[in-house]
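This report refers to the structure that appears directly beneath it.
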């Protein structure tokens with residue numbers, strides 16, 4: 001039995017050195033060191049052989065990932081093998097080279113794949129921002145337009161905006177306001193009945209609020225340029241004055257932003273109607289005093305008989321009748337008949353005075 005066992009144990013296997021039971025242990029560090037295998041052959045098992053594979057050289061550009069895989073398998077020896085001395089087996093870890101692929105994904109320290117940031121399209125974002133601004137601006141303008149229409153409808157009621165001609169109430173605020181700005185007396189008609197620059201300045205002066213007038217003096221007032229007016233401060237007379245800019249504002253409000261009338265004396269003809277002299281050095285209008293307004297033998301009857309609205313235009317209709325005296329005939333410029341005053345709503349929501357016409 002022993003001889004047979006010895007014959008079996010003396011068999012050589014390439015790459016494996018078998019240590020005999022009665023032999024000394026083999027040093028695994030020698031040049032021909034392989035994996036030492038026990039010569040004991042269990043009854044129901046094959047000898048466990050561990051081969052030693054030397055790792056091949058890998059290029060410097062590759063990454064070596066060593067993986068230690070123990071290949072020693074412990075087998076319970078049989079009863080006969082237990083009696084024999086146990087050989088020493090040196091376990092050599094198997095190293096499997098692993099070459100890192102250049103296309104492998106980048107892995108973070110926590111094992112999660114890093115997401116590559118995509119370049120942002122700045123130009124697209126810029127145009128998107130501009131489009132948003134345009135949409136906001138258009139929306140704002142539309143809202144402002146609607147608000148202005150609502151304000152206009154509120155303030156100008158019952159003015160028609162449908163394109164149809166609508167009769168207005170003669171007692172309505174808008175009709176009374178417009179007619180009060182342009183209606184004139186017989187003395188004013190005698191001074192200037194034509195709607196020229198002189199009459200426009202005078203009508204604008206009539207719109208100046210009392211709060212814009214203040215007490216002043218007669219410095220640089222010229223009596224010869226504005227007869228029959230003169231300026232002398234006395235106990236009974238202290239001239240009033242107002243700034244030239246105030247008159248220009250009232251001119252544009254009554255006749256429109258395009259009105260361009262230079263500052264000049266406010267006086268209708270050579271009458272005592274008006275009486276404010278423009279003094280450029282002071283940029284002021286200073287009041288003059290007329291000693292006698294004189295009497296007139298003419299009279300007039302005026303009546304507002306109609307008011308209509310068509311879109312942004314308002315027309316006031318006035319019936320006028322002038323009367324003379326037995327001694328004096330009516331001047332040719334005083335013509336009785338029906339007059340139409342036309343007003344138009346401008347971009348500043350002011351009804352500006354457009355014209356005065358004799359219709360019949």
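Go through region 332-349 and give me each residue that's outside any loop (DSSP other than H, G, I, E, B) and touching a residue at least 60 places away in the same chain (Cβ under 8 Å).
341, 343, 345
Closer than 19 Å to residue 163 by Cβ and touching a strand residue (DSSP E or B) at 6+ places or on another chain (Cβ under 8 Å), is that true of residue 330?
No.
What residue, among those in region 155-184 that are exposed (fewer than 12 other Cβ atoms within 10 Å of the Cβ) and at pLDDT 90 or above, is nearest to residue 332 (Cα to Cα)?
The qualifying residue nearest to residue 332 (Cα to Cα) is 180.
Looking at region 212-221 only, could you name the residues that are over 49 Å from the mean Cα position of the chain (by Cα) and surrounded by fewer than 16 Cβ atoms within 10 Å (Cβ to Cβ)?
Of everything in region 212-221, those that are over 49 Å from the mean Cα position of the chain (by Cα) and surrounded by fewer than 16 Cβ atoms within 10 Å (Cβ to Cβ) turn out to be 217, 219, 220.
Quickly run through region 187-216 and pick out the residues that are assigned to a loop (DSSP other than H, G, I, E, B) and either in contact with a strand residue (DSSP E or B) (Cβ under 6 Å, 6 or more places away or on another chain) or in contact (Cβ under 8 Å) with a residue 24 or more places away in the chain (or both).
Within region 187-216, 192, 193, 194, 195, 207, 208, 213, 216 qualify.
If a residue must be loosely packed, with under 15 Cβ neighbours inside 10 Å, at positive phi and in contact (Cβ under 8 Å) with a residue 60 or more places away in the chain, how many such residues does region 230-286 contain?
1
State all residues of region 228-265 that are in a loop (DSSP other than H, G, I, E, B), more than 20 Å from residue 347 (Cα to Cα) and out of contact with any helix residue (DSSP H, G or I) (no Cβ under 6 Å at 6 or more places or on another chain); if no residue qualifies, say none.
Once the filter is applied, which keeps residues that are in a loop (DSSP other than H, G, I, E, B), more than 20 Å from residue 347 (Cα to Cα) and out of contact with any helix residue (DSSP H, G or I) (no Cβ under 6 Å at 6 or more places or on another chain), region 228-265 yields 228, 231, 232, 233, 234, 235, 236, 237, 238, 239, 262, 264.
How many of the residues in region 283-310 are within 25 Å of residue 248 (Cβ to Cβ) and in contact with a helix residue (DSSP H, G or I) (Cβ under 9 Å, 6 or more places away or on another chain)?
So the answer is 4.
In region 254-289, how many residues are under 20 Å from residue 210 (Cβ atoms) and at pLDDT below 90?
0
The values are calculated or read from the model by the stated rules, or taken from the named source; none is laboratory data. A quick note: this is a predicted structure, and the numbers were derived from the prediction, not measured. In this analysis, Cβ positions are derived from the backbone assuming ideal geometry, glycine residues included, and neighbour counts consider all displayed protein chains.
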